[in-house]
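The values are calculated or read from the model by the stated rules, or taken from the named source; none is laboratory data. All of these numbers come straight from a predicted model, not from anything done at the bench. Here the Cβ positions follow ideal geometry from the backbone for every residue, glycine too, while neighbour counts run over all protein chains shown.
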Amino acid sequence: MSDRKFGFGIIGAGMIAHVHAKAIGAIGNATLVGLHSRGVEKMQAFATQHHCKAFDTLEEMLADPAIDIVCICTPSGAHEDPTLQCIQAGKHCLVEKPLEVTLEKCDSIIAASRQTGMKVAVIFPSRFYDQALLLKKAMDTAKFGDIVLGDAYVKWHRSEAYYKSNPWRGTIALDGGGALMNQGIHSVDLLQWYMGKVDSVQAFAGNRRHKGIEVEDTVVAVLKFANGAMGNIECSTAIFPGDLKRIEINGTVGTAVLQESNLTKWEFLEMTAEDSQLNEDMKGNALAHGGGASNPADISFVGHQRQIEDMIHAIETDTQPMVDAVEGRKAVEIVLAIYESARTGKMVHLPLP
């Protein structure tokens, strides 16, 4: 690692921008230079809280040579334009999930990144926790035998006040979808990272509680994977009190359950000493936060910190970040396929046309 200190800018001053600021502040070779937001009062308050500069215009921020990387924390359907502006200004970008809400917008970001050499990463912090990485290693080494099922469950609570807190929430244009695109996409990303390519989906969606929004608050999908396995995704923001998100992997010789950032089940037909030790360690696991199950602000910044560190490493070594724009696009395509199936009542095959 070089002695270089990386300067960061943030676009947007909402709740998730504060998570980025805290994560940047925890990294020794990173510093938050400033932010730009259209809401002047929120921007000024953010700058005061995090001891950085408030830029009146995006152009002014992008002209600052002290900024190397920009965190895009605007609403989901407003990621493309600022990301392209940052790329053209010679800034690397960390884009909050999802990369964008249409594949066309995702592809324009990917193309700009390739043309300019500017790196783009999509924020999926769940990939960066130790036990999530351990599960990925086990999948890659066929530890479970033939995979039978891969399932994701996101049963969360969001109040009516949550959707009314910002006019873009629950809209097709700027949220890009409901519970699945906004909350469940973390688990969609994890599931496809573990299980591989999705061949087809069959889905149902509706509104069980939040009748005033344009998008779904509940969705159920059945998936067929290219490896022959099957699986389910259940996602809702209509459930009280809400529970931690969960990934379940079932194979012919083993089963694992990842609940938020911790493994809660790790069992194999033939247990190694390492497997037994992990089971002992699991008994002392304690989640430090609620994972956003019932409160969107109740999340740790540790995953963000590790992902930002991964981006810095990618720049220093001229390699790709773990979740680059191409990787980030995969979860968006799966979500859109599920929405198309729910809309038409038909099975939808991937890749989408």
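Of everything in region 140-171 that is surrounded by fewer than 19 Cβ atoms within 10 Å (Cβ to Cβ) and under 21 Å from Leu350 (Cβ atoms), the residue that is farthest from the chain's Cα centre (by Cα) is Val148. When Gly231 is tested against (1) touching a residue at least 40 places away in the same chain (Cβ under 8 Å); (2) more than 15 Å from Asp151 (Cα to Cα); (3) in contact with a Leu (Cβ under 7 Å, 6 or more places away or on another chain), exactly one condition is not met: (2). Residues that are under 15 Å from Thr74 (Cα atoms) and either surrounded by fewer than 21 Cβ atoms within 10 Å (Cβ to Cβ) or not assigned by TED's automatic domain parsing to the domain that holds Leu94 (or both) within region 29-62 comprise Arg38, Gly39, Val40, Lys42, Thr57, Leu58, listed in sequence order. The selection criterion, being at pLDDT 95 or above, within 14 Å of the chain's Cα centre (by Cα) and surrounded by 18 or more Cβ atoms within 10 Å (Cβ to Cβ), holds for Ala325. Val198 - would you say it is among the aliphatic types (A, V, I, L, M) and in contact (Cβ under 8 Å) with a residue 60 or more places away in the chain? It is true that Val198 is among the aliphatic types (A, V, I, L, M) and in contact (Cβ under 8 Å) with a residue 60 or more places away in the chain. Do you know which of the residues in region 294-311 that are modelled with pLDDT of 95 or more and out of contact with any Pro (no Cβ under 9 Å at 6 or more places or on another chain) is surrounded by the fewest Cβ atoms within 10 Å (Cβ to Cβ)? Filtering first and then ranking leaves Glu309. Applying the condition of being of a type in the set (S, T, N, Q) and under 24 Å from Ser261 (Cβ atoms) to region 200-249 and asking which residue is surrounded by the fewest Cβ atoms within 10 Å (Cβ to Cβ) yields Asn232.
Return the residue satisfying two criteria in turn: it lies in region 235-257 and is in contact with a Lys or Arg (Cβ under 7 Å, 6 or more places away or on another chain), assigned to a strand (DSSP E or B) and touching a residue at least 12 places away in the same chain (Cβ under 8 Å), and of such residues it is farthest from Leu191 (Cα to Cα). Steps first, answer last, please.
So the first thing to find is which residues in region 235-257 are in contact with a Lys or Arg (Cβ under 7 Å, 6 or more places away or on another chain), and the list is 236-239, 242-243, 254-257.
Narrowing further to those that are assigned to a strand (DSSP E or B): 236, 238, 254-257.
Keeping just the survivors that are touching a residue at least 12 places away in the same chain (Cβ under 8 Å) gives 236, 238, 254-256.
On the way: Ser236: 17, Ala238: 22, Gly254: 17, Thr255: 14, Ala256: 13 Å.
This residue is Ala238.
Looking across Ala142, Ala152, Ala161, one residue alone is among the small types (Gly, Ala, Ser) and assigned to a helix (DSSP H, G or I). It is Ala161. Which ones in region 93-132 are surrounded by fewer than 18 Cβ atoms within 10 Å (Cβ to Cβ), free of Cβ contacts under 8 Å to residues at least 40 places away in the same chain and within 18 Å of Val188 (Cβ to Cβ)? Scanning region 93-132 gives no hits.
Select from region 250-293 the residues that are of a type in the set (D, E, K, R) and surrounded by fewer than 18 Cβ atoms within 10 Å (Cβ to Cβ) and write down the one among them that is modelled with the lowest pLDDT. Give the steps one after another, and end with the answer.
Within region 250-293, the first condition is being of a type in the set (D, E, K, R), and the residues that meet it are 260, 265, 267, 270, 274-275, 280-281, 283.
Now drop any that are not surrounded by fewer than 18 Cβ atoms within 10 Å (Cβ to Cβ), which leaves 265, 267, 270, 274-275, 280-281, 283.
Values: Lys265: 97, Glu267: 98, Glu270: 96, Glu274: 96, Asp275: 96, Glu280: 92, Asp281: 89, Lys283: 84.
Across region 250-293, the extreme among qualifying residues is Lys283.
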